[in-house]
């Protein structure tokens, strides 16, 4: 099973003869560099990424809702819900 995570593109580095098109992406406060070579994107877009590669562009509301759900899961303590 793979898990794709939504993130917001904050900077794009265009491709050159040695490197694919890359983006700096904010995943809810965690910043990573992601390959966006095969997805038509621009600064400010939200993407789904897996294993360092953008899979698709997603709308802002869905991306922010998913990031909010991840935040809630990260603070979930099952002992408080017994």
Next on the checklist: Looking at (1) within 17 Å of residue 67 (Cα to Cα); (2) at pLDDT 95 or above, which one does residue 15 not meet, given that it meets all the others?
Outcome noted: (1)
Checklist outcome for this item: For region 48-68, pairs from a residue that is at positive phi to a residue that is surrounded by fewer than 15 Cβ atoms within 10 Å (Cβ to Cβ) and not in a strand (DSSP E or B), with Cβ under 9 Å and 6 or more apart or across chains, are 51/2
Item to check | Those residues of region 27-44 which are surrounded by fewer than 18 Cβ atoms within 10 Å (Cβ to Cβ) and either assigned to a loop (DSSP other than H, G, I, E, B) or modelled with pLDDT under 95 (or both), in sequence order | outcome: 27, 28, 29, 30, 37, 38, 40, 42, 43, 44
Item to check | Matching residues in region 1-22 - criterion: being under 12 Å from residue 41 (Cα atoms) and surrounded by fewer than 12 Cβ atoms within 10 Å (Cβ to Cβ) | outcome: 14
Checklist entry - Among the residues of region 1-12 satisfying the criterion of being assigned to a loop (DSSP other than H, G, I, E, B) and farther than 17 Å from residue 64 by Cα, which is nearest to the chain's Cα centre (by Cα)? => result 2
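The values are calculated or read from the model by the stated rules, or taken from the named source; none is laboratory data. Note that this is a predicted model, so its numbers are computed, not measured. Cβ atoms come from the backbone with ideal geometry, glycine included; neighbour counts cover every protein chain shown.
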